[in-house]
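Report on the structure given below.
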Amino acid sequence: MIKKLFLYFNVIAFHLSAQYSLLDSLLNTLPLDTRNILEQANNYRLQIIYTKINYSEDGQVHFEDYFFNYSDSLYNYPASMVKLPASIVALKKISILHNKGIDWNSKLLMDSLFCQKALINDSIGSPAYPHLHKWIKRMLIISDNEAYTHTYDFINCKTFHQWLYQWGFDKAQIKHKFISKCINDSTYYTPTIYILNEKQDTLYIQYQDSACKFSTLNKNYSIGYTIKTIKQKRKRIRIKEPKVFVKHNDWPLFYSHQLLKYLIFDDELKILDLPKNYKDSLIKFMGSYPREYPDLQVDTTNYYDTWKKFFMYGGKYKRVKEDTLRSINIIGRAYGFLSETAYIVDFKNNIHFLISASIYVNPNNLMDGKYNYELAYQLFYQISRLIYDYEKTQIKTSPKIRNYEQIFKNQK
């Protein structure tokens, strides 16, 4: 398996410089204002990846990957993009624990740790106690940060990266939980965890652990700056301080793109080897709208259909009326960075493709919460629609589409 992945990534690396022509030619047809952004791609730290999906006469799937301005050495903050690998690794781990009578609905409790309180109750959703199923659902549908933190604690940093490295993501560094109230390095530790059955018997204990140790990669992690107030000679003065992301997560856009490919085509590629019910649930969550899951107990005026779907929709439609098209996606948005990876599938028109993009929209480089995300939303919308229109002109068979149509067919 490792040899297979090594050869695969070598082939991809070889084609990085060659497979630009199709995507470049498509992007050249964008409106002038959008092309101006592309011409300043380095300033925006813009990266785009597009995968055409074809099937041979014998039913074998083939991928053609195309890249715009992609570089392995460019750091873009992934934010919530790490929730997909967290979900997948958590399900791999829970699958191993099945022989102990454990599944993703088993009760999962945690001790307190530093600034984290003990986790005993979780009344949102059903069943009304903490468990992995509801955390993954919340992460993938409403991008819940607390659910990610709990899931990360369950996985454990070392286990997380053992799986990522096995799948070929050897430069991944997912080491940071999303706990705003925690400071310094306290977020890098995981608490003791207990998994219980319905009789409240303890089936599994995972003891407190420290973070993984990572070597610093050859990247520039200093992006933008913050304003810090210091006291100097009885006066308070404000100074610029560089924002350095070296202690934040590092999950490249290409990794996100590849992982979604592995998930969608797990039956063919057999890299992740997830149980079918888990795999199909992940895909369904990623392609669903919050209103389709009342147990999430969220305000759907805020969590409307496309609030985190920028490819194909630009995040601007309160309600998606056409149910034959789904964007099975994950996004990350923070510090002026926006990233998205999606499998776009149109059951009616027999269209499907993979697309990823990442951009930095912080004109003054000040990390003050004022970012030009609207520019990013519009760009992602236009690029994806352009590729979708191109895919419409392609005649091809797509047996995978029929399989995934059933997942959403009875969606409420």
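So which of K396, K392, K370 is of a type in the set (D, E, K, R) and farther than 20 Å from Y66 by Cα?
Only one candidate passes the filter, namely K370.
Quick check, is Y152 under 22 Å from K284 (Cβ atoms) and buried (at least 20 other Cβ atoms within 10 Å of the Cβ)?
no
Go through (1) modelled with pLDDT under 95; (2) under 23 Å from the mean Cα position of the chain (by Cα); (3) surrounded by fewer than 20 Cβ atoms within 10 Å (Cβ to Cβ) for Q166 and report which single condition fails.
Tallying (1) modelled with pLDDT under 95; (2) under 23 Å from the mean Cα position of the chain (by Cα); (3) surrounded by fewer than 20 Cβ atoms within 10 Å (Cβ to Cβ), Q166 fails exactly one: (1).
Tell me the helices (runs of 4 or more DSSP H) entirely within the range 195-294 that contain at least 1 residues that are modelled with pLDDT of 95 or more, of a type in the set (F, W, Y) and surrounded by 14 or more Cβ atoms within 10 Å (Cβ to Cβ).
Because the criterion is at least 1 residues that are modelled with pLDDT of 95 or more, of a type in the set (F, W, Y) and surrounded by 14 or more Cβ atoms within 10 Å (Cβ to Cβ), the helices (runs of 4 or more DSSP H) in the range 195-294 that meet it are 253-264, 276-287.
If you take the residues of the range 1-53 that are at pLDDT below 95 and touching an Asp or Glu at 6+ places or on another chain (Cβ under 7 Å), which of them is surrounded by the most Cβ atoms within 10 Å (Cβ to Cβ)?
Here the answer is Q19.
Here are some conditions: (1) in a helix (DSSP H, G or I); (2) modelled with pLDDT under 95; (3) small (G, A, S). S384 meets all but one. Which one does it not meet?
(2)
Looking at the structure I just gave you, is L325 in contact (Cβ under 8 Å) with a residue 12 or more places away in the chain, touching an Asp or Glu at 6+ places or on another chain (Cβ under 8 Å), aliphatic (A, V, I, L, M) and surrounded by fewer than 23 Cβ atoms within 10 Å (Cβ to Cβ)? Quick ask: steps written out before the conclusion?
Values: in contact (Cβ under 8 Å) with a residue 12 or more places away in the chain: yes; touching an Asp or Glu at 6+ places or on another chain (Cβ under 8 Å): yes; aliphatic (A, V, I, L, M): yes; surrounded by fewer than 23 Cβ atoms within 10 Å (Cβ to Cβ): yes.
In short, yes.
State whether the residues of the range 122-134 include one that is modelled with pLDDT under 95, under 29 Å from F245 (Cα atoms), crowded, with 19+ Cβ neighbours inside 10 Å and not hydroxyl-bearing (S, T, Y).
no
Which residues, taken from the range 302-332, are outside any loop (DSSP other than H, G, I, E, B) and over 17 Å from L375 (Cβ atoms)?
Matches in the range 302-332: L325, R326, S327, I328, N329, I330.
Can you tell me which of (1) at pLDDT below 95; (2) in a helix (DSSP H, G or I); (3) among the small types (G, A, S) is the one G369 doesn't meet?
Every condition holds for G369 apart from (2).
Go through (1) among the hydroxyl-bearing types (S, T, Y); (2) free of Cβ contacts under 8 Å to residues at least 24 places away in the same chain; (3) within 19 Å of D280 (Cα to Cα) for Y165 and report which single condition fails.
(3)
Could you figure out which of (1) under 28 Å from N403 (Cβ atoms); (2) touching a residue at least 60 places away in the same chain (Cβ under 8 Å); (3) in contact with a strand residue (DSSP E or B) (Cβ under 8 Å, 6 or more places away or on another chain); (4) not aliphatic (A, V, I, L, M) isn't true of K309?
Failed condition: (2).
Any idea how many residues of the range 196-229 are of a type in the set (S, T, Y) and more than 25 Å from Q162 (Cα to Cα)?
The number of residues fulfilling the criteria is 5.
Six or more apart or on different chains, Cβ under 6 Å: which pairs go from a residue in the range 344-356 that's more than 20 Å from A376 (Cα to Cα) to one that's modelled with pLDDT of 95 or more and of a type in the set (S, T, Y)? Could you list them?
Every condition considered, no pair remains.
Confirm whether G314 is in contact with a Pro (Cβ under 8 Å, 6 or more places away or on another chain), crowded, with 17+ Cβ neighbours inside 10 Å and not β-branched (V, I, T). Spell out the reasoning first.
Details: in contact with a Pro (Cβ under 8 Å, 6 or more places away or on another chain): no; crowded, with 17+ Cβ neighbours inside 10 Å: yes; not β-branched (V, I, T): yes.
So G314 fails the test.
Hey, among the residues in the range 33-50 that are of a type outside the set (F, W, Y) and farther than 13 Å from I383 by Cα, which one's nearest to the chain's Cα centre (by Cα)?
Among them, the one singled out is R45.
The values are calculated or read from the model by the stated rules, or taken from the named source; none is laboratory data. If you're wondering where the values come from, they're calculated on a predicted model, not measured in any experiment. Cβ: placed from backbone, ideal geometry, glycine included. Neighbour counts: every protein chain shown.
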